[in-house]
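Every number in this text was worked out from the coordinates using simple rules, so none of it is lab data. What you are looking at is a predicted structure, and each value in this text was computed from that prediction instead of being measured. As a convention, Cβ positions derive from the backbone with ideal geometry for all residues, glycine included, and neighbour counts pool all protein chains shown.
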Amino acid sequence: MSERSRPLSPHLLIYRFEWPMLLSITHRFTGVGLAGGAIVLVWWLIALAVGPEYFAYAQAILGSWVGRLLLLGWTWATFYHLCNGIRHLCWDGGWGFELRVARATGVLVVIMSIVLTLAAWLIAYAARGG
Amino acid sequence: MSERTPLARARGLGAAHGGTHHWWIQRATSVVMVPLVLWFAFSLAALGPADHATAAAWVAHPVNAVLALVLIAAMFHHLHLGLEVIIEDYVHSRWVKFATLILQKFVTIIFGFGAAFAVLKIALS
């Protein structure tokens with residue numbers, strides 16, 4: 001097949017590692033992870049629509065330590081993808097391409113994703129009552 | 001010499017037969033989702049450990065139900081476009097790519113409609 005012999009991009013392994021590379025691929029990874037999270041969100045909504053008994057079962061699974069660990073991951077992925085998405089929108093508008101600005105916004109994205117994750121979980125635990 | 005007028009290029013219709021629409025919708029849905037995701041994430045965090053009555057009452061509130069439906073539409077459209085680009089990037093065999101793209105479309109539509117149906121059922125019951 002001719003399509004087999006075509007050169008393929010990207011050639012990741014020939015580049016020296018740079019942190020923005022990691023931020024970039026993390027946007028894609030979190031995107032895929034959030035697509036998985038969307039399935040869980042649908043399940044949660046359907047559990048809510050089914051009735052109290054099944055909803056309690058769903059809440060128990062999500063409230064277990066495995067469930068909470070996954071939810072923590074999805075919370076961070078949500079805020080990372082959101083913040084880095086805004087960064088991408090700025091680039092689309094032509095702003096922030098200078099190396100120094102791009103690095104600074106990258107750091108800001110990581111910090112904001114962690115801050116927002118902590119805020120959401122503080123609210124969750126406050127709502128739970130300790 | 002080409003017989004094509006520059007109009008086709010101006011419209012962004014090259015060999016792909018499609019221009020900026022895919023790119024543009026992905027940006028439009030992301031802009032819509034910035035406030036909606038912040039609202040929804042923090043609302044769910046506050047609801048997190050809620051019992052059925054509390055959670056159902058929250059979803060059933062007209063403002064929440066409508067915003068949730070808008071978010072679901074934007075979210076599933078956005079993740080559909082995102083997964084499409086990823087499949088196009090990494091699946092190189094023509095027929096596997098075709099099958100994966102169609103399957104992804106179907107699965108995304110089913111889950112998107114499932115989410116919307118659940119919200120409507122809760123809101124209208």
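Observations on the model:
- FRET efficiency, A:R6 to B:A53 (Cβ-Cβ, R0 45 Å, nearest 0.05): 0.15
- Stokes-Einstein D in µm²/s, Kirkwood radius over Cα pairs - segment A:1-73 at 4 °C with 1.567 mPa s viscosity: 82
- Volume per residue that the Cα convex hull of chain A spans, once the total is divided by residue count, Å³: 196
- The slack in the chain from A:L13 to A:R68, taken as 0.36 nm per residue of separation less the alpha-carbon distance, amounts to 16.3 nm.
- Separation in nanometres of the label points that stand 7 Å from Cα toward Cβ, at A:W95 and B:V70: 2.3
- Kirkwood-Stokes translational diffusion coefficient of the protein assembly as shown, alpha-carbon pairs, 4 °C, 1.567 mPa s, µm²/s: 63
- Taken over the C-alpha atoms, segment B:32-76 has Rg and Dmax values of 10.5, 30 angstrom.
- Along its principal axes, chain B has C-alpha extents of 70, 31, 24 angstrom, given from the largest down.
- Segment B:55-76-segment A:56-76 distance, computed between alpha-carbon centres (Å): 21
- Under a model in which nothing but the beta-carbon of Lys, Arg (+1) and Asp, Glu (-1) is charged, chain A shows a dipole of about 280 debye around its Cα centre.
- Descending semi-axes in Å of segment A:83-130, equivalent ellipsoid built from Cα gyration tensor: 31, 10, 4
- The protein assembly as shown - charge dipole about Cα centre, Lys and Arg +1 at Cβ, Asp and Glu -1, debye rounded to 20: 500
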